[in-house]
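Visitor: Take this structure, written in structure tokens, and hold onto it; I'll ask about it next.
The values are calculated or read from the model by the stated rules, or taken from the named source; none is laboratory data. This one's a predicted model, so the numbers in the text were calculated from it and none came from an experiment. Neighbour counts run over all protein chains shown; Cβ positions are idealised from the backbone, glycine included.
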Amino acid sequence: MERDREIMQLTALKGIGEKTAGLFAKLNITTAEQLVRYYPRDYEYFAAPVALTGAEEGSLAAISGRICGNIATRHVRGLSITTFKAQCADGELHLTYFNMPYLKNSLKMNETCIFRGILRRKGNHYGMEQAKIYKPEEYGKLIDRMLPIYSTTRGLSNHAIQKAMKQAVARVDLSEDYLPPKIREQQGFCSLAEAVRQMHFPAGRPELIKARERLVFDEFFLFILMLRRMRDVNQSLPNSCPMIEVAQTKRLIEALPYRLTDAQQRVWQEIQADLVSEHTMNRLIQGDVGSGKTILAFLSLLMCAANGYQGAMMAPTEVLARQHYETILKMKEQYHLDIAPVLLTGSVSSRDRREIYARIEDGTANMIIGTHALIQDNVQYHNLALVVTDEQHRFGVRQRESLAQKGNSVHVLVMSATPIPRTLAIILYGDLHISVLDELPANRLPVKNCVVNTSYRETAYRFIRKEVQAGRQVYIVCPMVEEGEMQELEDVASYTAKLKQTLPPEIQISSLHGKMKPADKNRIMEDFAAHRIDVLVSTTVIEVGINVPNATVMMVENAERFGLAQLHQLRGRVGRGTEQSYCIFISSSDKPENMNRLKILNESNDGFYIASQDLKLRGPGDLFGIRQSGDLKFVLGDIFQDASILQRASGWADQILLEDEKLQSDEYAALRIFLEQTAINEVDFRTI
């Protein structure tokens, strides 16, 4: 069996020079092998053109029409708007384009074109905005094809990725399949090579579904194998940092201006029992936003410090790390706590960083709050005994392990706000004991929700204006970063520009998305937290990492494109202060099944109930329309939509480890070699 396969660099592919390779590197792709595992985020299906009256209002449609009337361009507050009409077989189509004045010169009167976009109807008029324009013969070649849509970066188009992908899929050797033959046979899976090929360039929808099932199974199976092996090691680790219960934590609980809920008290007892037991703690606290996880983390760190050890808490963003640090400083002063906290993030100056390193190494700092900077090689701990990771899903298992390895068999406490049904949590958190906070503090005002279609948007804007004028702040979430192939979806860039035209100029509007540089993202989040921004238009990057009690409105565009559990996570960004908060879910689809699914969010603010309903409703029909986010974000797999695949993968992982724990037999040789060679690095568990 071949053990050392030659790695093919991207520059070996035709048309990719050093400059283009540098753009691919921004997507963490440097080899052809990595490229073939860079799967599409969606597919564009080209249906045959339909009549105006035959198209579903609000849906993506291709309409044939002859350009007629004047092509006019006007300017409104810095925005150019080009409009014209097309005569179709059964009526007129009104077309509108923003910031595309060149169309006036490129389009010809009486020319027949195919216009592809979202069809809207206002009274007796049909209209499209930003519709793509095709020549009839050009569009004819696309009919019934499914073309892959990839996440791109500036300077690298989807077309360029498609061209490179065709070469890579043809040249990378995937004939050696690491999945044991008996699993492939009993599950009816296609080969690895066929699955990868069909994921990128599917022959049709049935082939795509089959390919995706195989690759999702692989992803879950490899992850669970890794977890099971970790669990066996962790559960036998002796407690090398023995502790005793201390008076300081009891005094703090009594001094708090609120009473811990029964759930918080129960979980705190479980944490204390772990810290004083014979074995190292590996515990997950699972609870809704606002259920009180953070105070339990602080109590754990305080118990650690009172026993003479150091504790570290790792947050997903600098803004949230700083907020935790400032809260701890305030508690230190208010309750006269004998602690020495420090804040360590990437933006700390070199001089301050050296001083913090020294305090951590000599033990004068006993509570270390920070981001991934906590696990860098330069950080040497004096006697680290406890690691707390906030919002588990932003840290890889390996990152969590890296921080834990800074000490000697340290205790690990993981916090997660994503509610996952217990049947799935037992599989996914196989290396952790699970504590559930299933109760919210009595003083929390429940968020008021509404599920509406796009006709409600103007009303929503008026409400947003009113809330901002009352001194409140607003989040608006769009599924896309910038205008692209998915014309039916709202994007942050265009939406921000249009919103600035709609809302009064005194309202400060800004945008945020994952493609920004980390420093820019932190600056925007800090400005929003400091109320220098009134309305923040963002992708789901705001799902975690920021705490703004003054934000009272969350509006989600294209809400039908998200999983219910993720929408509940987003809703958790508001309702954190004393004022009434609101969540507006705008669906661009009037289909009854979509609206009924979203209305579950009206029924309850209980994340565990919503997660269980999500699990019941999700199926394999919509492969990419609904993407789960939050905890355990796999590359392809979705723990709700693919729950049955997850359970099958778990069963097979358990069976194989029971048969051959070290995978020594010939039957599992390919799997063992794959795991050894990749060390799970090629399989993207970075966000798990």
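Visitor: Can you go through Ile610, Ile600 and tell me which one is modelled with pLDDT under 85 and of a type in the set (Val, Ile, Thr)?
Guide: Ile610 is the lone residue from the list that is modelled with pLDDT under 85 and of a type in the set (Val, Ile, Thr).
Visitor: Only residues in region 319-335 that are on the phi < 0 side of the Ramachandran plot count as the first member; pair them with residues that are among the basic types (Lys, Arg), Cβ under 8 angstrom, at least 6 apart or cross-chain, and list the lot.
Guide: Here the result reads Tyr335/Arg251, each pair linking region 319-335 to a residue that is among the basic types (Lys, Arg).
Visitor: Of all residues being among the polar types (S, T, N, Q) and assigned to a helix (DSSP H, G or I) in region 593-605, which is surrounded by the most Cβ atoms within 10 Å (Cβ to Cβ)? Just the residue, please.
Guide: Ranking the qualifying residues of region 593-605, first place goes to Asn594.
Visitor: With the structure loaded, tell me whether Gly346 is in contact with a helix residue (DSSP H, G or I) (Cβ under 7 Å, 6 or more places away or on another chain), modelled with pLDDT under 85 and part of a loop (DSSP other than H, G, I, E, B) or whether it fails that test.
Guide: Yes.
Visitor: Also, quick follow-up: Mind checking which residues of region 521-567 are in a helix (DSSP H, G or I) and of a type in the set (S, T, N, Q)?
Guide: Asn522, Thr540, Gln566, listed by residue number.
Visitor: Among (1) assigned by TED's automatic domain parsing to the domain that holds Lys163; (2) aromatic (Phe, Trp, Tyr); (3) farther than 30 Å from Leu10 by Cβ, there is one condition Tyr39 misses while meeting the rest; what is its number?
Guide: (3) is the only condition that Tyr39 fails.
Visitor: Starting from region 48-60, keep only residues that are of a type in the set (Ser, Thr, Tyr), then list their pairs with residues that are surrounded by 19 or more Cβ atoms within 10 Å (Cβ to Cβ) whose Cβ atoms are within a distance under 8 Å, requiring at least 6 positions of separation or different chains.
Guide: Final answer for the pair search is Ser59/Ile118; Ser59/Leu119; Ser59/Ser589.
Visitor: Going through region 127-141 one residue at a time, which ones are farther than 23 Å from Gly58 by Cα and within 34 Å of the chain's Cα centre (by Cα)?
Guide: Passing the criteria: none in range.
Visitor: Report those helices (runs of 4 or more DSSP H) wholly inside region 98-208 carrying at least 2 residues which are free of Cβ contacts under 8 Å to residues at least 12 places away in the same chain.
Guide: Correct list: 103-106, 136-140, 158-171, 181-187.
Visitor: Can you run down the residue pairs with Cβ atoms below 8 Å, 6 or more apart or on separate chains, where the first is in region 498-520 and touching a residue at least 24 places away in the same chain (Cβ under 8 Å) and outside the structural domain of Ser80 (by TED's automatic domain parsing) and the partner is assigned to a loop (DSSP other than H, G, I, E, B) and among the small types (Gly, Ala, Ser)?
Guide: Pro518/Gly346; Ala519/Ser347
Residue-by-condition table, conditions (1) in contact with a Cys (Cβ under 8 Å, 6 or more places away or on another chain); (2) closer than 30 Å to Gly17 by Cα:
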{"site": "Gln130", "(1), (2)": "no, no"}
{"site": "Ile133", "(1), (2)": "yes, no"}
{"site": "Arg145", "(1), (2)": "no, yes"}
{"site": "Ser151", "(1), (2)": "no, yes"}
{"site": "Gln162", "(1), (2)": "no, yes"}
{"site": "Leu179", "(1), (2)": "no, no"}
{"site": "Ser191", "(1), (2)": "no, no"}
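Visitor: Taking the residues in region 292-307 that are at pLDDT 95 or above and not hydrophobic (A, V, I, L, M, F, W, C) as candidates, determine which candidate is farthest from Ile375 (Cα to Cα).
Guide: Within region 292-307, the match that is farthest from Ile375 (Cα to Cα) is Asn307.
Visitor: Is it the case that region 25-35 has a residue that's farther than 30 Å from Gly514 by Cβ and in a strand (DSSP E or B)?
Guide: no
Visitor: Being under 21 Å from the mean Cα position of the chain (by Cα) and assigned to a helix (DSSP H, G or I) is the filter here, so list the residues in region 568-592 that pass it.
Guide: His568, Gln569, Leu570, Arg571
Visitor: In the list Arg561, Arg573, Arg523, Arg532, which residue meets the criterion of being basic (Lys, Arg) and in contact with a Phe, Trp or Tyr (Cβ under 8 Å, 6 or more places away or on another chain)?
Guide: Sole residue among the options that is basic (Lys, Arg) and in contact with a Phe, Trp or Tyr (Cβ under 8 Å, 6 or more places away or on another chain): Arg573.
Visitor: Taking the stated definitions as given, is Val535 buried (at least 17 other Cβ atoms within 10 Å of the Cβ) and in contact (Cβ under 8 Å) with a residue 40 or more places away in the chain?
Guide: Yes, satisfied.
Visitor: Can you find a residue that is touching a His at 6+ places or on another chain (Cβ under 9 Å) and either among the aromatic types (Phe, Trp, Tyr) or within 30 Å of Gly22 (Cβ to Cβ) (or both) anywhere in region 65-81?
Guide: Within region 65-81 (the criterion being touching a His at 6+ places or on another chain (Cβ under 9 Å) and either among the aromatic types (Phe, Trp, Tyr) or within 30 Å of Gly22 (Cβ to Cβ) (or both)), the answer is no, since none of the residues qualifies.
Visitor: Out of everything in region 178-231 that is of a type in the set (Gly, Ala, Ser) and in contact with a Leu (Cβ under 7 Å, 6 or more places away or on another chain), what residue ends up being surrounded by the most Cβ atoms within 10 Å (Cβ to Cβ)?
Guide: Ala195
Visitor: Same structure again: With the requirement that a residue be over 16 Å from Glu213 (Cα atoms) and not hydrophobic (A, V, I, L, M, F, W, C), what does region 161-177 give you?
Guide: Listed by number, the residues that qualify are Gln162, Lys163, Lys166, Gln167, Arg171, Asp173, Ser175, Glu176.
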